[in-house]
Amino acid sequence: MTILDHDARRVAATSRPAGLAVEVVKRDGRTLRFDDTRIRNAVAKAYGEVHGPLSEMDERTLSELVHRIHEEIASRYAQTVKIYEIQSVVEHVLLEARQYDVARAYIDYRVQRDFARAQATDLNHSITKLLDKDKAVVNENANKDAEVFNTQRDLTAGMVGKSIGLRLLPAHVANAHQKGDIHYHDLDYHPYAPMTNCCLIDFKTMLAKGFRIGNAQVEPPRSIQTATAQIAQIIANVSSSQYGGATVNRIDELLAPYAQANHAKHLDEAREWISDPAQHEEYASARTRKDIYDAMQSLEYEINTLFTSNGQTPFTSVGFGLGTSWYEREIQKAILEIRMRGLGKEGRTAIFPKLLFTLKRGLNLAEGDPNYDIKQMAVECATKRMYPDVLSYDKVVELTGSFKAPMGCRSFLQGWTDADGEDVVEGRMNLGVVTLNLPRIALESDGDLGTFWALLEERLATMRDALMYRVARCKEAVPGNAPILYVHGAFGKRLGPDDDVDTLFRDGRATVSLGYIGLYEVATAFYGPAWESDPEAKALTVSILESLRDHAKSWAAESGYWVSVYSTPSESLTDRFCRLDKERFGSVPDITDKDYYTNSFHYDVRKNPTPFEKLDFEAEYAQYTSGGFIHYCEYPVLRQNPKALEAVWDYAYDRVGYLGTNTPIDRCYECGYAGDFDPTAAGFACPQCGNEDPRTCDVVKRTCGYLGNPQQRPMVHGRHVEISSRVKHMDGDVRVPLSALIEDGQAPSSRP
């Protein structure tokens, strides 16, 4: 569990003196209760570095040293003690006990921590790391190519932003982030600038009323081709004014009126040029169908060729599937046909936009439903291109209060009504995420659940301060900072130059998110690595999420801003937290020895449940994390067995709100192989002919909700490559045994 085993822990417990009624003054000015467990862990780490694995005799020596430190502090300090005073006592006791090497190791570690704190806000040090192409810097975002000039410029600006941002943060929040207790997401953008995170753009109003970009006043479109072109321009500008994803919600219904305008135009043409009235509708429909296809194809190409000011293709999602009219159905079919066809003459898989297909009982879920044929297309598309992910309409409503697509990757808004009682979805946003390192709390607790809950309370107090600071910083923006968002309609209301942007955030209109990572590792620390079938262990993980939800609700009630619990997209964080904890606690079996932490509530990626078992296991968690969630199953090649995938989608409908499909879709254009490429030191290689040339192969992997081209940027995934060609640990994907996907596509009998 930690460096102490259970027997040694009992030995240590018998020799500990009674607790001190003294408060510890932290470097950042906070005061916390004195807890000699922290001292014990620090001294044990130094002792272990010198003497190796601790014997029972070493444990007794360690306990005696901690006892002396405790008594020395009690004799010197009656009410408060500062951190550096504690450190001085520890060093004095170690030297007095002639533990010279242990004292040196303890002092060296402390000095290294002081250096790390100083370097984090040292701009010269940060820029040097970037120039030296430090992997932790250039690989942080899987969809940023660190080789190109505009990305390099953004990374440079990001290093400046991080350095200044750490100085702007409350001292205890910055300290907690640097230590790895928490992670203040997107520090390269915020709080240096009062930017927001992700959003559901109000395309409907912007297209209907017109908008302004730069020097151009854009009039409402009169065709679907113009409408999609305007959507692409809006996405580019919004993505340059925030740092998170942007979603086109219900695009089939959004664009249907503009397709109808095309149809009316073609019908007029037919009446003018075709003498037979019986052919008028056929002509107009055929021309409109082609217009729809061309418009959606142009949108896909435009999104994939856009570059925002922050050096990347906009993180874009497109939701669809609920429309029932002829126009809406044709738009849905065009989206899927275009994605299956691929980009260019080779038919490469499009990375963006992320496709979100909505399943709804009575509409498209079962055979005989009016849009069931489109569901079949969606299933086929997912077997070939991994997208679309699917949203379960009824479950999303149950979890979030009303239906909407996520903002970008997985961040969901809660149902919210305006002054007229209307449910408002579009034009709302998220103000940012802070993620809690749960496995660290478990490791610090040393097997004591009481200590775990006490430490969790301390960390949550810091989380609250971090989240409220995010809100406060966003409120400092003025409409002129991001006209496309605040003035020209992307955020719904159109503000004047002197209006308060807070009118768009408060009273639950926006969200700010409490993220978390590593439920699997927490339960492992207390119950061992095979805890999934242990009701007591499962109850602990549920109670942790209940606590996060209850705290979030309390903070929302106090502040007037909706705090959501968010199952974090932990792309580089799975590595960062684990790496920091491995340095501190050593290689702990099934926790830090894996070199990654499991994201949020996901099943241990090293195990092989059926997809149905995995969904059953995870289904209970999302109700506590309704501010952000996604579930994945990873499969073998499914092109020849789409019914198997449909069976999982159907099984998931009443269990989870949001399900992603991970299946091998790599392609080699040299030998024709289609499947899963092998990871190599340089990237990926075709298992059939060995081809590694990105010009003649297409390698697509999912990293935290979005797809990516690691073959185009072989260093993007760095050390993660050798762990799995799926980079699966980033989001908790589990490879499903082929035997679980029954040929007729039927789920087990527990299916509702």
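Can you tell me how many residues in the range 214-245 are assigned to a loop (DSSP other than H, G, I, E, B) and of a type in the set (S, T, N, Q)?
Residues that pass the stated criteria total 5.
Would you check which residues across the range 228-253 are surrounded by fewer than 24 Cβ atoms within 10 Å (Cβ to Cβ) and farther than 28 Å from ASP186 by Cβ and list them?
Once the filter is applied, which keeps residues that are surrounded by fewer than 24 Cβ atoms within 10 Å (Cβ to Cβ) and farther than 28 Å from ASP186 by Cβ, the range 228-253 yields ALA229, GLU253.
For the range 654-677, give me each residue that is under 22 Å from the mean Cα position of the chain (by Cα) and closer than 30 Å to SER626 by Cβ.
Of everything in the range 654-677, those that are under 22 Å from the mean Cα position of the chain (by Cα) and closer than 30 Å to SER626 by Cβ turn out to be ARG655, VAL656, GLY657, TYR658, LEU659, GLY660, THR661, ASN662, THR663.
What pairs come out if I take residues in the range 447-465 that are under 17 Å from ASP35 (Cα atoms) and pair them with residues that are modelled with pLDDT of 95 or more and among the aromatic types (Phe, Trp, Tyr) whose C-beta lies under 7 Å away, six or more apart or interchain?
Every condition considered, the pairs that remain are GLY447/PHE526; LEU449/PHE526.
Please state which one of ASN641, ASN662 is in contact (Cβ under 8 Å) with a residue 12 or more places away in the chain and closer than 19 Å to VAL605 by Cα. Steps first, please.
Numbers: ASN641 fails: closer than 19 Å to VAL605 by Cα.
The match here is ASN662.
Just to be sure, is THR324 polar (S, T, N, Q), touching a residue at least 12 places away in the same chain (Cβ under 8 Å) and closer than 18 Å to GLU253 by Cβ?
Criteria met by THR324.
Does the range 250-266 include one or more residues that are touching a Leu at 6+ places or on another chain (Cβ under 8 Å), basic (Lys, Arg) and assigned to a helix (DSSP H, G or I)?
The answer is no, given that none of the residues of the range 250-266 is touching a Leu at 6+ places or on another chain (Cβ under 8 Å), basic (Lys, Arg) and assigned to a helix (DSSP H, G or I).
Contact list please: Cβ distance under 8 Å, first residue in the range 360-385 and among the small types (Gly, Ala, Ser), second residue part of a loop (DSSP other than H, G, I, E, B) and at pLDDT 95 or above, pairs at least six apart or on different chains.
Pairs that qualify, where the first residue is among the small types (Gly, Ala, Ser) and the partner is part of a loop (DSSP other than H, G, I, E, B) and at pLDDT 95 or above, are GLY362/ASP369; ALA378/GLY321; ALA378/PRO388; ALA382/PRO388.
For the list (1) in contact with a strand residue (DSSP E or B) (Cβ under 9 Å, 6 or more places away or on another chain); (2) at pLDDT below 90; (3) of a type outside the set (Val, Ile, Thr), I need the number of the one condition that LEU615 fails.
It fails just one condition, (2).
Only residues in the range 76-101 that are free of Cβ contacts under 8 Å to residues at least 40 places away in the same chain count as the first member; pair them with residues that are surrounded by fewer than 14 Cβ atoms within 10 Å (Cβ to Cβ) and in a helix (DSSP H, G or I), Cβ under 9 angstrom, at least 6 apart or cross-chain, and list the lot.
Pairs found: GLU85/ARG76; VAL89/ARG76; ALA97/GLU64.
Conditions tested, residue by residue: (1) acidic (Asp, Glu); (2) farther than 22 Å from PHE617 by Cα; (3) modelled with pLDDT under 90.
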| position | (1), (2), (3) |
| --- | --- |
| THR661 | no, no, no |
| ASP666 | yes, yes, no |
| PRO687 | no, yes, no |
| CYS697 | no, yes, no |
| VAL716 | no, yes, yes |
| SER725 | no, yes, yes |
| ASP733 | yes, no, yes |
| SER739 | no, no, yes |
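Residue by residue through the range 270-289, note down the ones that are part of a helix (DSSP H, G or I) and surrounded by 14 or more Cβ atoms within 10 Å (Cβ to Cβ).
Selection gives ALA270, HIS280, TYR283, ALA284, SER285, ARG287, THR288, ARG289.
Pairs under 6 Å by beta carbon, first residue in contact (Cβ under 8 Å) with a residue 60 or more places away in the chain and at negative phi in the range 161-179, partner among the charged types (D, E, K, R) and in a helix (DSSP H, G or I), six or more apart or different chains?
Pairs found: PRO170/ASP465; VAL173/ASP465; GLN178/ARG117.
Residue by residue through the range 673-684, note down the ones that are closer than 28 Å to ASP389 by Cβ and either assigned to a loop (DSSP other than H, G, I, E, B) or in contact with a strand residue (DSSP E or B) (Cβ under 6 Å, 6 or more places away or on another chain) (or both). Steps first, answer last, please.
Taking the range 673-684 first, the residues closer than 28 Å to ASP389 by Cβ are 673-679, 683-684.
Those that are closer than 28 Å to ASP389 by Cβ and either assigned to a loop (DSSP other than H, G, I, E, B) or in contact with a strand residue (DSSP E or B) (Cβ under 6 Å, 6 or more places away or on another chain) (or both): TYR673, ALA674, ASP676, PHE677, ASP678, GLY683.
Consider LEU460 carefully, then state whether it is at pLDDT 95 or above and outside any helix (DSSP H, G or I).
Taking the combined requirement at face value, the residue does not satisfy it.
Do you know which residues across the range 401-433 are of a type in the set (S, T, N, Q), touching a Phe, Trp or Tyr at 6+ places or on another chain (Cβ under 7 Å) and surrounded by fewer than 20 Cβ atoms within 10 Å (Cβ to Cβ)?
Across the range 401-433, the qualifying residue is only GLN414.
Output yes when any residue across the range 187-199 is modelled with pLDDT of 95 or more and among the polar types (S, T, N, Q), and no when none is.
Yes: one or more hits.
Given THR435, THR383, THR417, THR400, which one is of a type in the set (Val, Ile, Thr) and under 28 Å from ALA171 (Cα atoms)?
Matching residue, one of THR435, THR383, THR417, THR400: THR435.
Find the residue count for the range 196-210, including only residues that are touching a helix residue (DSSP H, G or I) at 6+ places or on another chain (Cβ under 8 Å) and either surrounded by 22 or more Cβ atoms within 10 Å (Cβ to Cβ) or among the small types (Gly, Ala, Ser) (or both).
Matching residues across the range 196-210 total 6.
Which residue is nearest to VAL434 (Cα to Cα), if the candidates are limited to the range 528-587 and must be of a type in the set (A, V, I, L, M, F, W, C) and free of Cβ contacts under 8 Å to residues at least 12 places away in the same chain?
Among residues in the range 528-587 that are of a type in the set (A, V, I, L, M, F, W, C) and free of Cβ contacts under 8 Å to residues at least 12 places away in the same chain, the one nearest to VAL434 (Cα to Cα) is ALA557.
Hey, among the residues in the range 598-647 that are among the basic types (Lys, Arg) and assigned to a helix (DSSP H, G or I), which one's surrounded by the fewest Cβ atoms within 10 Å (Cβ to Cβ)?
Ranking the qualifying residues of the range 598-647, first place goes to LYS643.
Using the structure shown, decide if SER75 is surrounded by fewer than 14 Cβ atoms within 10 Å (Cβ to Cβ) and over 41 Å from the mean Cα position of the chain (by Cα). Talk me through it step by step, then tell me what you get.
On the way: surrounded by fewer than 14 Cβ atoms within 10 Å (Cβ to Cβ): yes; over 41 Å from the mean Cα position of the chain (by Cα): yes.
Here the answer is yes, as SER75 does meet what is asked.
The values are calculated or read from the model by the stated rules, or taken from the named source; none is laboratory data. In this text, all values refer to a predicted model and were calculated from it rather than measured experimentally. Backbone-built Cβ (ideal geometry, glycine too); neighbour counts: all protein chains shown.
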